[in-house]
Amino acid sequence: QVQLVESGGGLVQPGESLRLSCAASGSIFSINDMGWYRQAPGKQRELVASSTRSSDTNVEDSVKGRFTISRNYVNNTMYLQMSSLKPEDTAVYYCTADGRSRTTYYLPYKSFEVWGQGTLVTVSS
């Protein structure tokens, strides 16, 4: 059992910055890849940025130069630093992770893929 919880969303004015966090928790688990998605009103969910276990990161063209993804491998927390925010960045932001987990040390690992509940980012003047 692995859970993801996003936080840091809120209302900001255009041009301001915001930092989102995604905390993973569970008894016994190991995460491989993590990523940030967003879904704006009336639009499909889209990938924003991703981070692999090998420390490779990628930011989509729509936010490149403004958003930065980072990951703390000690506390299993992923971050999305957003700068120069625009009204079109308004969306519910979701984090996702995949890896392996087990309920006890006596059981084999199983692969998983989980999503957080989302955090709302509103950019408006």
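The values are calculated or read from the model by the stated rules, or taken from the named source; none is laboratory data. Bear in mind the structure is a predicted one, so any value in this text is a computation, not a measurement. Cβ placement follows ideal geometry from the backbone for every residue including glycine, while neighbour counts extend to all protein chains displayed. Just the protein is used for accessible areas: all its heavy atoms, side chains included, with ligands, DNA and RNA removed. Shrake-Rupley method; radii C 1.70, N 1.55, O 1.52, S 1.80 Å.
Give the residues of region 35-57 that are modelled with pLDDT of 95 or more, surrounded by 12 or more Cβ atoms within 10 Å (Cβ to Cβ) and out of contact with any Cys (no Cβ under 6 Å at 6 or more places or on another chain), sorted by residue number.
Of the residues in region 35-57, the ones modelled with pLDDT of 95 or more are 35-40, 43-50.
With the extra rule that they be surrounded by 12 or more Cβ atoms within 10 Å (Cβ to Cβ), the set shrinks to 35-40, 45-50.
Scanning region 35-57 gives GLY35, TYR37, ARG38, GLN39, ALA40, ARG45, GLU46, LEU47, VAL48, ALA49, SER50.
Which one is nearest to LYS110 (Cα to Cα), of the residues in region 29-52 that are in contact with an Asp or Glu (Cβ under 9 Å, 6 or more places away or on another chain) and without any contact (Cβ under 8 Å) to a residue 40 or more places away in the chain?
Top of the filtered list is THR52.
Quick check: is even one residue across region 75-87 part of a strand (DSSP E or B) and either out of contact with any Phe, Trp or Tyr (no Cβ under 8 Å at 6 or more places or on another chain) or at positive phi (or both)?
Of region 75-87, the ones part of a strand (DSSP E or B) are 77-82.
With the extra rule that they be either out of contact with any Phe, Trp or Tyr (no Cβ under 8 Å at 6 or more places or on another chain) or at positive phi (or both), the set shrinks to 77, 79.
Yes - at least one qualifying residue is present in region 75-87.
When you scan region 3-24, do you find a residue that is basic (Lys, Arg), touching a strand residue (DSSP E or B) at 6+ places or on another chain (Cβ under 6 Å), part of a strand (DSSP E or B) and open to solvent by less than 60 Å² (accessible area, probe 1.4 Å), even just one?
Residues of region 3-24 that are basic (Lys, Arg), as a first pass: 19.
Imposing the further condition that a residue be touching a strand residue (DSSP E or B) at 6+ places or on another chain (Cβ under 6 Å) reduces the set to 19.
Filter once more, keeping what is part of a strand (DSSP E or B): 19.
Keeping just the survivors that are open to solvent by less than 60 Å² (accessible area, probe 1.4 Å) gives none.
Checked against the condition, which is being basic (Lys, Arg), touching a strand residue (DSSP E or B) at 6+ places or on another chain (Cβ under 6 Å), part of a strand (DSSP E or B) and open to solvent by less than 60 Å² (accessible area, probe 1.4 Å), region 3-24 yields no hits at all.
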